[in-house]
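The values are calculated or read from the model by the stated rules, or taken from the named source; none is laboratory data. Source: prediction; values computed, not measured. Don't worry about glycine lacking a Cβ; one is built from the backbone with ideal geometry, like all the others, and counts go over all protein chains shown. Protein only, heavy atoms only, side chains kept; ligands, DNA and RNA dropped before computing areas. Shrake-Rupley method; radii C 1.70, N 1.55, O 1.52, S 1.80 Å.
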Amino acid sequence: MNETSLRLVWIYPDLLSTYGDQGNALVVERRARQRRIPVTRIDVRSDQPIPTSGDIYLIGGGEDRPQRLAAERLRRDGGLNRAVANGAIVFSVCAGYQILGTEFINDLGRPEPGLGILDVKSVRNDGDRHVGDVLADMDERLGLPPLTGFENHQGNTLIGPSARPLARVRIGNGNGTGDGTEGAYCDTVFGTYMHGPVMARNPLLADMLLKLALDVHALPRVDEQWYEALRAERIAHATQAAAARS
Ligand code: GLN
């Protein structure tokens, strides 16, 4: 972490912030402030350079065309790749997740190179769009409770040998490849298909990023009553919706 304040970088709010993904930045900021951890939030529009001195970078989802524009600009800029090479933490959602990989199919139906900082590759699913509630068990190495979110994507994502699935779906499609995986991660780079925003539904994910940034194993406890109630409600909703479909 930067000596004075944790630097939280939100990448391209003008292109990648659909389905309330900006809420992830708000939740990480709030969870830090609740622990009196000084945090500076830096919103980087797509016409601005990506700072390489950030501690945590967040990227959200987006429609197909903004996704291509974002990938082009991030490749040209190179700052996020440099930040990751220096050990930065990145948390990405949906279009952002696909951009971090090696390739995805763009709005013109052509393969578009990603940033290659996460070993995943996205292809276009020819069937129905994956839309709906997700309930997923997190990879056991992360020590987190099951996650809930909402997915809305056409792409399917294949995980390469140097990344691990972030979670396994109990409900929903996740990576959409039929293997039950959801999202992927490698070291400090994470990707998920879950909107929600996912950090509001699962603030322990925000805490995981803060712990990585601060290099600590635990953070002071905060009141989780509101979150526990939301979590129970979303799990019940996802379970009922899945039962109604089957
Ligand atoms: N455009 C991508 C897809 O449909 C990502 C969508 C999103 O970010 N919600 O797969």
inquiry  = Filter the stretch 201-229 down to the residues that are of a type in the set (S, T, N, Q) and open to solvent by less than 20 Å² (accessible area, probe 1.4 Å) and list them by number.
reply    = Asn202
task = Scan Gly101, Gly116 and give me the residue that is modelled with pLDDT of 95 or more, within 14 Å of the ligand (Cβ to nearest atom) and either open to solvent by less than 30 Å² (accessible area, probe 1.4 Å) or more than 22 Å from Ala200 (Cβ to Cβ) (or both).
result = Gly101
ask   = Of the residues Asn152, Asn156, which single one is closer than 23 Å to Trp10 by Cβ, over 12 Å from the mean Cα position of the chain (by Cα) and part of a strand (DSSP E or B)?
value = Asn152
ask   = Out of all the residues in the stretch 188-198, which are within 16 Å of the ligand (Cβ to nearest atom) and either closer than 11 Å to Phe91 by Cα or aromatic (Phe, Trp, Tyr) (or both)?
value = Phe190, Gly191, Thr192, Tyr193, Val198
key: Odd one out for Gly61, checked against (1) closer than 16 Å to Val84 by Cα; (2) assigned to a loop (DSSP other than H, G, I, E, B)   = (1)
remark   = Output for Cβ contacts, cut-off 7 Å, separation at least six or different chains, first residue within 24 Å of Leu214 (Cα to Cα) in the stretch 71-98, second within 16 Å of the ligand (Cβ to nearest atom) and open to solvent by 10 Å² or more (accessible area, probe 1.4 Å), reads Leu80/Leu115; Asn81/Leu115
query = Restricting attention to the stretch 185-212, and to residues there that are of a type in the set (D, E, K, R) and modelled with pLDDT of 95 or more, which single residue is farthest from Glu151 (Cα to Cα)?
reply = Lys211
message = For the list (1) in a strand (DSSP E or B); (2) farther than 18 Å from Gly196 by Cβ, I need the number of the one condition that Asp126 fails.
response = (1)
ask   = (1) within 16 Å of the ligand (Cβ to nearest atom); (2) out of contact with any helix residue (DSSP H, G or I) (no Cβ under 6 Å at 6 or more places or on another chain); (3) in contact (Cβ under 8 Å) with a residue 24 or more places away in the chain: which one isn't true of Leu15, the others all being true?
value = (2)
note = Of the candidates Gly160, Gly143, the one satisfying the condition of being out of contact with any helix residue (DSSP H, G or I) (no Cβ under 9 Å at 6 or more places or on another chain) and either in contact (Cβ under 8 Å) with a residue 12 or more places away in the chain or over 30 Å from Asp107 (Cβ atoms) (or both) is Gly160
note = Taking the stretch 130-187 and the residues there that are acidic (Asp, Glu) and either away from the ligand (no atom under 15 Å from the Cβ) or out of contact with any strand residue (DSSP E or B) (no Cβ under 8 Å at 6 or more places or on another chain) (or both), the one that is least open to solvent (accessible area, probe 1.4 Å) would be Asp139
query = Out of the stretch 55-88, which residues are open to solvent by less than 10 Å² (accessible area, probe 1.4 Å) and more than 9 Å from the ligand (Cβ to nearest atom)?
reply = Ile56, Tyr57, Leu58, Ile59, Ala70, Ala71, Leu74, Gly79, Leu80, Ala83, Ala88
task = Collect the residues in the stretch 161-178 that are in contact with a Lys or Arg (Cβ under 9 Å, 6 or more places away or on another chain) and closer than 17 Å to Val123 by Cα, keeping them in residue-number order.
result = Gly174
Matching residues in the stretch 1-33 - criterion: being more than 17 Å from the chain's Cα centre (by Cα), at pLDDT below 95 and open to solvent by 70 Å² or more (accessible area, probe 1.4 Å) = Met1, Glu3, Thr4
